[in-house]
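Undergrad: Could you have a look at this structure, given as structure tokens, before my questions?
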Amino acid sequence: MASLFSPCSLMEEWTDEFITHAQRELTGMVDDWKYDYGADDRACVAMLLWMVLKLNPEADIDSSLV
């Protein structure tokens, strides 16, 4: 059995269904932030980019997005 984090098992999970589900989850999370905290789109983008940096501190993020 392949490790959960092996490249093979990760690639197998990137199906259209997986991506669609992830998009729905992210959209729901952003909607919650907007409702719960009154966050605007810019604040939500900043929070999502912060998450990316926590997962990958070496990520090359365009500064115009922040």
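Undergrad: Output the residues belonging to segment 34-62 that are small (Gly, Ala, Ser), more than 15 Å from the chain's Cα centre (by Cα) and loosely packed, with under 11 Cβ neighbours inside 10 Å.
TA: 38
Undergrad: Here are some conditions: (1) of a type outside the set (Asp, Glu); (2) surrounded by 11 or more Cβ atoms within 10 Å (Cβ to Cβ); (3) modelled with pLDDT of 90 or more. Residue 23 meets all but one. Which one does it not meet?
TA: Just one mismatch for residue 23, condition (2).
Undergrad: Here is a follow-up. Which residue, of 60, 31, is of a type in the set (D, E, K, R), modelled with pLDDT of 80 or more and not in a helix (DSSP H, G or I)?
TA: Among 60, 31, only 60 is of a type in the set (D, E, K, R), modelled with pLDDT of 80 or more and not in a helix (DSSP H, G or I).
Undergrad: Of the residues 4, 65, which is exposed (fewer than 10 other Cβ atoms within 10 Å of the Cβ), at pLDDT below 95 and in contact with a helix residue (DSSP H, G or I) (Cβ under 9 Å, 6 or more places away or on another chain)?
TA: Sole residue among the options that is exposed (fewer than 10 other Cβ atoms within 10 Å of the Cβ), at pLDDT below 95 and in contact with a helix residue (DSSP H, G or I) (Cβ under 9 Å, 6 or more places away or on another chain): 4.
Undergrad: Between a first residue in segment 32-52 that is under 18 Å from residue 65 (Cα atoms) and of a type in the set (A, V, I, L, M, F, W, C) and a second residue that is at pLDDT 90 or above and assigned to a helix (DSSP H, G or I), which pairs have beta carbons less than 6 Å apart while being 6 or more apart in sequence or on different chains?
TA: 39/33; 44/30; 44/33
The values are calculated or read from the model by the stated rules, or taken from the named source; none is laboratory data. For clarity, every value in this text was computed on a predicted model and none was experimentally measured. We place every Cβ from the backbone using ideal geometry, glycine too, and count neighbours over all the protein chains shown.
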